[in-house]
Amino acid sequence: MRAIWKGAVSFGLVSIAVRLYSATEEKDIRFHQVHRDDGGRIKYKRVCSVDGEEVAYDDIAKGYDLGGGEMVILTDDDFSDLPLTTSRAIEVLEFVPAEQVDPILYNKAYFLEPEKTAAKPYALLRDALTNTERVAIVKVALRQREQLATLRVRDDVLVLNTMLWPDEVRAAKFDILDEDVTARPAELAMAGSLIESMAADFDPSSYTDNYREALQEVIDAKVAGREVVQPEEAEEAPAAAVDLMAALRASVERARAARGEEPAAPAEVEERQPSSIKKTTAKKAAPTKKTTPAKKAATAKKTATKKSA
């Protein structure tokens, strides 16, 4: 790996010299735009929209659109004068419990490697974070932009996670969520059964990118000059509106079958339901006593015999 940034972690009066490495990489299969007839690469020219002339890289600046056709042009000198106090430092602001950081704020992850002279303070910060079960909230300047980030420990390595600023997270506003929609206790019990039947420990290595593997197979077949025949998949008819309880029950049975378990007995599902539901169901299911005409005649005959005696 190649370091993309060098600086120091400012931890109180302690300074830890570190190098920064990208902790993740995309595995997407990348393509070039080419001419269909001869495979030639498609190139794009940087052309000015005003004079129509091609523009060299050295003549390109950043512009901020004010609207109405007005543009503010900023040069590299303008950016260099900005007061980035964390240009070569990762400044620790505070230490917070890890569970208080909302995962939606996380953006990109980087590994921190200590310089040879900073191995001891690096280990000190790493072990202290582990023992206190906290993460460090820091500020760092990457690519001419100051960012909020966290420092945490993963496999005995300090990991820097850049974060979004709070105003960069959109508010979820959906009118349908304001409606009074509640689930019945029986539906909640069945949904709980479905969750339990699909419960497992998370192992990321057990998941694969099936689309990328299939696409790579197509590319390999093209190179080898063979044709890839994909199995035809039966088109499923659009799902009709079904009863929610029936769909949940069928989902539980399918999840059990996928794990090689026996189908759930109705009594087993009943046990998971609240006691109030059981009592109500029992009362409804209890049969009512009916008197048939034959029984009426027999009763009347016994009564007449007793009276004559």
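The values are calculated or read from the model by the stated rules, or taken from the named source; none is laboratory data. Computed from a prediction, not measured in an experiment: that's the story for all the values here. When we count neighbours, we look across all protein chains shown, and the Cβ atoms used for this are built from the backbone with ideal geometry, even at glycine. When the accessible area is computed, the model is the full protein with side chains, heavy atoms only, and any ligands, DNA or RNA have been set aside. Shrake-Rupley method; radii C 1.70, N 1.55, O 1.52, S 1.80 Å.
Scanning segment 1-55 for residues that are of a type in the set (Asp, Glu) and within 30 Å of VAL140 (Cα to Cα) gives GLU25, GLU26, ASP28. Filter segment 181-227 for residues that are closer than 21 Å to VAL252 by Cα and surrounded by 12 or more Cβ atoms within 10 Å (Cβ to Cβ) and give the result. Answer for segment 181-227, where residues must be closer than 21 Å to VAL252 by Cα and surrounded by 12 or more Cβ atoms within 10 Å (Cβ to Cβ): PRO185, ALA186, GLU187, LEU188, ALA189, MET190, ALA191, GLY192, SER193, LEU194, SER197, MET198.
A Cβ distance below 6 Å, combined with a sequence gap of six or more or placement on separate chains, defines the contacts here; from segment 189-215, residues that are in contact (Cβ under 8 Å) with a residue 24 or more places away in the chain and within 14 Å of ARG256 (Cα to Cα) reach residues that are in a helix (DSSP H, G or I) and open to solvent by 70 Å² or more (accessible area, probe 1.4 Å) in the pairs SER193/ARG272.
It is to be established whether one or more residues within segment 165-173 are of a type in the set (A, V, I, L, M, F, W, C) and in contact (Cβ under 8 Å) with a residue 60 or more places away in the chain.
The first filter runs over segment 165-173 and keeps only residues of a type in the set (A, V, I, L, M, F, W, C), leaving 165, 169, 171-172.
Subsequent filtering for residues that are in contact (Cβ under 8 Å) with a residue 60 or more places away in the chain retains 169.
Looking for residues that are of a type in the set (A, V, I, L, M, F, W, C) and in contact (Cβ under 8 Å) with a residue 60 or more places away in the chain, one finds at least one in segment 165-173, hence yes.
Only residues that are out of contact with any Lys or Arg (no Cβ under 8 Å at 6 or more places or on another chain), assigned to a helix (DSSP H, G or I) and surrounded by 17 or more Cβ atoms within 10 Å (Cβ to Cβ) were counted across segment 122-164, and they come to 3.
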